[in-house]
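Presented below is the structure to which this report refers.
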Amino acid sequence: MNSTPPPLPSQVRSAFGSGKRGSWPAFLFLAIGIAPALVGLFLVYGTHYHSPGWGPVLRKFFAADTVCALISGVGIGFRVTGQLWLRLLIALLMAVGLWLLNALAGLFVGCVLTMPGR
C-alpha cells in the first residue's frame, strides 16, 4: 500500500548538515542575549541605594540590552537555516524576544525598588 518515499534532494540534505555542529554556539548567543538582564538587575539594585537618580543607569541598561539582543538574535538566526529571508526573520524574532525579556526584567526591578514604603 504505502511505498517508501523517494530520497530527499541533495540540497535539502546539505542544508541540514550532518549534525557535526554542536549546540554550544546557540547557548553562547543566548547567554550574550540574557547577560544585560543579569548585569542590569545588579546595577539598578546597587545604584538605587547609593544615589536617588538611577535613570542614567536604566538608559545604559536599555542600550546594552538592545546591542546584546541584536548580536544574540543574529548569531542564532544565521546558524539555523540556509535561506537568507528565513535567517533574517528568525534573527529579528529572537532579538525582539530577548530584548523584551530583558526589558521586562529591568522594569520589574525598577517598579519593585520604587514602591512606596520600601
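Readers should treat all values here as calculations from the given coordinates under stated rules, not as data from a laboratory. Please read these numbers as outputs of a predicted model, since none were measured by experiment. A quick note on method: Cβ atoms are made from the backbone with ideal geometry, for glycine too, and the neighbour counts reach across all protein chains shown.
For the reader, a short list of remarks on this structure follows.
- Within-14-Å neighbourhood charge of ALA103 [Cβ basis; K, R +1; D, E -1]: +1
- The calculated FRET efficiency for LEU38 paired with THR81, based on their beta-carbon distance and R0 = 35 Å, is about 0.75.
- Taking 7 Å steps out from each Cα toward its Cβ at LYS60 and LEU30 produces label points 2.9 nm apart.
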